[in-house]
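Heads up: the structure comes next, in structure tokens.
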């Protein structure tokens, strides 16, 4: 599992743009920026939709005031689902919604979650991190079923 002080592994994430699905490399995403990235088990799932994304939207300005250049949400879903969820959550340009459809980034981070027992397949653990120019400065990984350390409020304290 990745840890504080490690460099983010190279991987490709996707997002839906007006003219189709686009790719972004983690190298490009984190280069010369302070990024808060939070990952979660799935789009449209109860805790993710009711607490996780709304918390980052509500704390957008406070995070920006702490020097954060970009807030990113990653889930093991496809770019079309992430786009529909972004519209549902009204993320606008406050939170970049990125798809890790095959779980390549999640696996490279060492943070997969096997939710097959619940019929959800391979997903991501719930976590949040602060990344400065590609290096992990803070990493908060939740215990299974919990929602405490990966909240926007917890990340604000880490900044």
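Label 7 Å along Cα→Cβ of residue 24; the range 39-79 residues with amide nitrogen under 16 Å?
39-40, 57, 64, 68-79
Go ahead and collect, in residue order, the members of the range 63-85 whose backbone nitrogen is under 20 Å from a label point 7 Å along the Cα-Cβ direction of residue 49.
Within reach of a label on residue 49: 73-85.
Calculate the all-directions average of the projected area of the range 40-107's alpha-carbon convex hull, and give it in nm².
For the Cα atoms of the range 40-107, the hull's average projected area reads 4.5 nm².
Rule-based calculations on the coordinates, nothing more; no lab input. Please read all numbers here as calculations on a predicted model, not as lab measurements. Methodologically, a virtual Cβ is constructed for each residue, glycine included, from the backbone with ideal geometry; neighbour enumeration extends over all protein chains shown.
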